[in-house]
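Worksheet: the structure to be examined is printed underneath.
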Amino acid sequence: MAWRDDLGPLLADRAWLMRQFPFPHVVSRRVFRPDFYARLVHAFGDILRVGLEEARNRRRLSRSMNGYDAYGMTFPPAYDGPLSVFMSRAWHDMLSGLFDVTCTGHINCGIHHHRPGSANGWVHNDLNPAFFVDYPSADGINVVRHEVCGYTTGRVTGAGRVARRVVRRVAMLFFLSNPAWADGDGGCTGLYAHKDDRVDRPAVTVPPLNNSLLAFECTPYSFHSFITNRRPRNSVIMWLHADPSDITARWGPDRIVEWRARVR
Amino acid sequence: MASARSIVGKRVCLFTGASGTLGTAFCRMFRTRYDIAAVFATRLPAVVSQLSRPIDPLNPAASTADSDAVFAIQADLLDEREIRRVVELTLARFGRIDLLVNAAAYSCWGSALETNEVVASAGRQFDLNVVVPLKLAVCVARDFWRDRSEENRFAGRNVVNVSSTAGAYVYADSTQLVYSATKAALNHLSCHLAEEFRPLGVRVNALAPNTFPAIVPTEAVARGIHQLDRQTTATGQILVMDNGGQVFFRPD
C-alpha cells in the first residue's frame, strides 16, 4: 500500500501541536485529508455493522477488556483495509519520532466503541508490560497476535514459542465516525496531573472530535482516562512498545505498572 | 501610567471561552493582529500558546518558533478569585487590556418539566453567561480602565459580550428557555454597562449571532467581534448576525 512508504499525501496538514500540560502530549484536529478520512469512516462502518457482542470475540467488537466499559477489537496482522495505515512502518516511525523514543516495531492496534452512558474509566498511565511472540516481517512491524500469546499475561500457545516482554511506550487515540461533538456530550479523554485525581476532575480534556488525534509517551506521569459520554464514541487506539530497559534507564527501577485484574 | 502615544504593537485581547468553536476561530484568525490572553476551562485552546508548540509529524525536529502564540490561562471563572487572577495575569503579561471578549458560556437545553437538569443548572447558566461577564468587565475596569479615560478613548477600548439571537427573539423551541433568558439578560446588561462605562471612554456592545456554524459561519462571527472592536463610536448596541445578514439593534 502506498501509505506504507509515505504519509505525506494522506495528511491534511502538518501543523500538529505538542502540549506540555499536564504532561507532554500531541494533538491534531485535522489528521487526514477528507477523501482518506472518508475511507477510514467507511471501513469503520463495515466493522460496526457486523454488530456488537457481549461475550469476548476477537473477530468482532466485543466486551474484551476486563473492567473497561467499552467494546473493543484488535486488528489481526492480516488486516489490510484502510485502517491498516495505523499498523504501517511509516505510522510507527512517525509516532515514535514525535516523542524521540526508540520503539521496537511491536504494535497493538484496534478500535473501541463506547455506547452512550459508558462508565468512566480510571486514572492510569499506560506504562504497562506487554508480551509478543516475534515473527519475521519485511518491515519489522510485529502486530499483536492474541491467539498465540497473551498480550498482558505472556502465556503462549503452541510449542517452541517464546514470549518477549516489552513495555508500552507511545499511546495514540484517533477519533472517527462520531456524532458532531458539543460541550456537554462527554466522551473526552481526561488528562491528569496526579494518579489520585478524581476521574471526573481532569486537568485537561481532549474531546473526541472526528479526524482528530491524541498521542503521548507512556511515562510514570502520563495519567489519563476515558470520561463518561452522552453520545456514542468511536476511536482507533494503538500502542507502540519499547524494551523495558529503556524505562529503567530513563525513570529508574519499578516504574512499569504490572497488570491487575479489574472488575467492572 | 502609559500615555496614548506610548501604546504600540498589537491590541491586547482578553478572550474567555477560548477553546470553544468561536474562540478557536478567533484565535486562529486574529492572533497576528492581537496579543490574546486565551482563557479556557479544561480544553486547551487549539492554537499555539506557551503551553502548545507546533510540531510537524514528518519533521518533528524542525524549528517551531511562533511569535504570535496566544497566552493561555486556565481558570474556573465561577470562582471569583480566578476572575481576579485572569485579569492580573493578562496585565502582567501584556501591560494593558484593549478588548475584553466574554465568550465563555454554558447551556443546558431541555424541558423544564420533563427533566431536573434544566432547572438545576439554571443558576450555573446565569452565573457563567451573565454574572461572569459582568464581574470580568468590572474587574478590568477597576484594575486598569477606570483612571485612564483619555487613553481608553484613544485606544478604542471596549467590551464585546457574545450573546445570541436566542436572547433577542423567542423561538418556538422551548427547550432553550433558560439559555435564551441568560442571553436576553446579557443583552440588557451590555446596554446598561455601556452607560456606566461611558465616562471611562470604554464602549460595551453585545454580539448576537444565530447558531454557528450551522446558520452563520463561525468565521463571520469571529469577524463580527473584530468589527465591533474596530467601531469607534458604537456602544450599547447589539449586533445581530443571522442568515440574512447583520443589523444593529438596541432594546429601547
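General remarks:
- A:Ala38 fulfils the conditions (1) without any contact (Cβ under 8 Å) to a residue 12 or more places away in the chain; (2) away from chain B (no Cβ under 14 Å); (3) over 13 Å from A:Leu176 (Cα atoms); (4) of a type outside the set (Ser, Thr, Tyr) except for a single criterion, (3).
- Residue selected from the stretch A:7-22 under the condition more than 9 Å from chain B (Cβ to nearest Cβ) and either in a strand (DSSP E or B) or in contact with a helix residue (DSSP H, G or I) (Cβ under 8 Å, 6 or more places away or on another chain) (or both), by the criterion surrounded by the most Cβ atoms within 10 Å (Cβ to Cβ): A:Leu10
- Pairs, first surrounded by fewer than 17 Cβ atoms within 10 Å (Cβ to Cβ) in the stretch B:231-246, second among the hydroxyl-bearing types (Ser, Thr, Tyr), C-beta under 9 Å, six or more apart: B:Asp242/B:Thr165
- Of all residues in the stretch A:60-77, one or more are surrounded by fewer than 15 Cβ atoms within 10 Å (Cβ to Cβ) and closer than 25 Å to A:Arg165 by Cα.
- Qualifying residues in the stretch B:61-79 (those that are at pLDDT below 95 and within 9 Å of chain A (Cβ to nearest Cβ)) - the one surrounded by the most Cβ atoms within 10 Å (Cβ to Cβ): B:Thr64
- Test: residue in the stretch B:127-139 that is touching a Phe, Trp or Tyr at 6+ places or on another chain (Cβ under 9 Å), under 21 Å from B:Trp109 (Cβ atoms), assigned to a helix (DSSP H, G or I) and among the charged types (D, E, K, R): yes
- The residue that is farthest from the other protein chains (Cβ to nearest Cβ), counting only those in the stretch B:110-147 that are touching a residue at least 60 places away in the same chain (Cβ under 8 Å) and surrounded by fewer than 17 Cβ atoms within 10 Å (Cβ to Cβ), is B:Asp147.
- Considered as a group, the residues in the stretch B:169-186 that are β-branched (Val, Ile, Thr) and farther than 16 Å from B:Leu207 by Cβ include one that is modelled with the highest pLDDT, and that residue is B:Val178.
- Odd one out for A:His146 among (1) at pLDDT 95 or above; (2) of a type outside the set (Ser, Thr, Tyr); (3) under 17 Å from the mean Cα position of the chain (by Cα); (4) not in a strand (DSSP E or B): (1)
- Among the residues of the stretch A:201-241, those that are surrounded by fewer than 19 Cβ atoms within 10 Å (Cβ to Cβ) and among the charged types (D, E, K, R) comprise A:Arg201, A:Arg230, A:Arg231.
- Here the stretch B:193-252 is the region considered, the condition is being in a loop (DSSP other than H, G, I, E, B), of a type in the set (Gly, Ala, Ser) and more than 25 Å from B:Ile36 (Cα to Cα), and the residue that is nearest to the chain's Cα centre (by Cα) is B:Ala214.
- One residue stands out in the stretch B:161-178 among those that are under 17 Å from the mean Cα position of the chain (by Cα) and hydroxyl-bearing (Ser, Thr, Tyr): the one that is surrounded by the most Cβ atoms within 10 Å (Cβ to Cβ), namely B:Ser163.
- Some residue of the stretch A:170-189 being more than 17 Å from A:Ala70 (Cβ to Cβ), in contact with a Cys (Cβ under 7 Å, 6 or more places away or on another chain), touching a residue at least 12 places away in the same chain (Cβ under 8 Å) and not polar (S, T, N, Q): yes
- Number of the exception - A:Thr189 against (1) under 25 Å from B:Val47 (Cβ atoms); (2) within 14 Å of chain B (Cβ to nearest Cβ); (3) surrounded by fewer than 22 Cβ atoms within 10 Å (Cβ to Cβ); (4) of a type outside the set (A, V, I, L, M, F, W, C): (3)
The values are calculated or read from the model by the stated rules, or taken from the named source; none is laboratory data. Here the structure is a predicted model, which is why all the values come from computation and not from measurement. FYI the Cβ positions are ideal-geometry reconstructions off the backbone, even for glycines, and counts take in every protein chain you see.
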